[in-house]
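Novice: Dumping the structure here so I can ask a few things about it.
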């Protein structure tokens, strides 16, 4: 067991360093300060690396627990890394309530922030899809506020901006039965869309970090020289 944890810790740290080096997640707080209590980050979903990029960017403020597809979570070599990263598996087909119980425990008992992708899948056409009700179930069971998050597509060597909006509390007395979940999900989706930077705001972002590019080039040249026998 300890060997599995050690592997997960080391491999997870290396993966986080890789994300930090090549994808450069940058947090942009448009909300001022977040509440002292745990919150639920609700983000758009552009690709498979979204969770890693956002969690790496939030590392200093305490890495949040994250939902992820069970078929990915159960991969033998990757499972210890996902466990180290506080991922919670969820079945995308059929009825599954295990994720909800584990998520509630992560927020109420462990006091972790939580990251969820309400679309339930990666974007098929670049547009943000309809938000599912899972984020509302989690908010009603824990009392945590929902914080909208927008991030751009992951592009290697270019910075990935992560924009964090103002916390949103559910309407007073809201329940999944007596409230209007579709309307609240639509409002939350609109809040995420509103965080997307305008064209003029994108001009100064996404440039290649020259220092890291030089370091990467030097490492590649050293590896090529080594395997070509120059240093043999």
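Novice: In which sequence would 72, 2, 150 go, from the one with the fewest C-beta neighbours within 10 Å to the one with the most?
Specialist: Going from sparsest to densest Cβ surroundings: 2, 72, 150.
Novice: Shifting gears a bit: What do you get for the angle between helix 210-227 and the principal long axis of the chain? Use alpha-carbon atoms, 0 to 90 degrees, nearest ten.
Specialist: That helix lies at roughly 50 degrees to the long axis.
Novice: Still on this structure, please answer the following. Taking the Cα atoms only, what angle lies between the long axis of helix 98-108 and the longest principal axis of the chain, rounded to 10 degrees?
Specialist: Roughly 90 degrees between the two axes.
Novice: Please work out how much length the chain gains when fully extended from residue 22 to residue 75, using 0.36 nm per residue of separation minus the C-alpha to C-alpha distance, in nm with one decimal.
Specialist: Working: separation 53, 0.36 × 53 = 19.08 nm, distance 2.42 nm.
Net length gain for the segment: 16.7 nm.
Novice: Can you compute the modelled spin-label distance between residue 133 and residue 187, with each label point 7 Å from Cα toward Cβ, in nm?
Specialist: The two pseudo-label positions are separated by 1.7 nm.
Novice: Taking only Cα atoms and a 10 Å spring cutoff, compute GNM fluctuations for the chain and point out the largest among 76, 64, 181.
Specialist: Taking springs between Cα atoms under 10 Å, the residue moving most is 76.
Novice: To continue, here is another question. Suppose we keep just the DSSP beta bridges with both residues in the chain; what percent of those would be antiparallel, to 5? All intermediate terms of the calculation are to be shown ahead of the outcome.
Specialist: Numbers: 4 of 22 bridges.
Looking only at bridges with both residues in the chain, the antiparallel portion is about 20 percent.
Novice: Quick one: grab Rg to one decimal and Dmax as a whole number for region 2-227, Cα atoms only, in Å.
Specialist: Looking at region 2-227, its Cα Rg and Dmax stand at 18.5, 67 Å.
Novice: Sort 41, 137, 82 so the one with the fewest other Cβ atoms within 10 Å of its own Cβ comes first.
Specialist: Details: 41 24, 137 16, 82 20.
Final ranking by Cβ density, sparse to dense: 137, 82, 41.
Novice: Report relative contact order for region 2-227 in percent, whole number only (criteria: Cα-Cα under 8 Å, sequence separation at least 6). Spell out each step's value before the answer.
Specialist: Working: 341 pairs, mean separation 60.4, N = 226.
Relative contact order here is 27 percent.
Novice: Now for a different question. Give the calculated FRET efficiency between residue 110 and residue 194 to the nearest 0.05, with a Förster radius of 35 Å applied to their Cβ-Cβ distance. Don't skip to the answer; put the middle values down first.
Specialist: Working: r = 31 Å, r/R0 = 0.88.
That gives a FRET efficiency of 0.70.
Novice: Which part of region 134-158 falls in the paramagnetic zone of residue 166, meaning amide N under 18 Å from the point 7 Å along Cα-to-beta-carbon?
Specialist: The answer is 145-150, whose backbone nitrogens lie closer than 18 Å to the label point.
Novice: Helix 2-23 against the longest principal axis of the chain: what's the angle in degrees, Cα atoms only, rounded to the nearest 10?
Specialist: The angle comes out near 80 degrees.
Novice: In addition: Under the rule of -39500 (n - 2.57) per DSSP H run of 4 or more residues, summed and divided by the residues of the chain, what mean residue ellipticity at 222 nm is obtained, to the nearest 500 deg cm²/dmol? Each step should come with its number before you reach the end.
Specialist: Working: 9 runs with 96 residues, N = 232.
Helix contribution divided over all residues of the chain: -12500 deg cm²/dmol.
Novice: In whole angstrom, note down how far apart the Cα centers of region 94-126 and region 44-84 are.
Specialist: 11 Å
Novice: Suppose R0 equals 30 Å. What FRET efficiency, 1/(1 + (r/R0)^6) with r the Cβ-Cβ distance, do residue 123 and residue 101 give to the nearest 0.05?
Specialist: Details: r = 28 Å, r/R0 = 0.95.
Between residue 123 and residue 101 the formula returns 0.60.
Novice: Between residue 11 and residue 91, what is the label-to-label distance in nm when each label sits 7 Å out along the Cα-to-Cβ direction?
Specialist: 2.5 nm
Computed from the coordinates by the stated procedures, all read-outs in this text should not be read as laboratory data. Here the structure is a predicted model, which is why all the values come from computation and not from measurement. We place every Cβ from the backbone using ideal geometry, glycine too, and count neighbours over all the protein chains shown.
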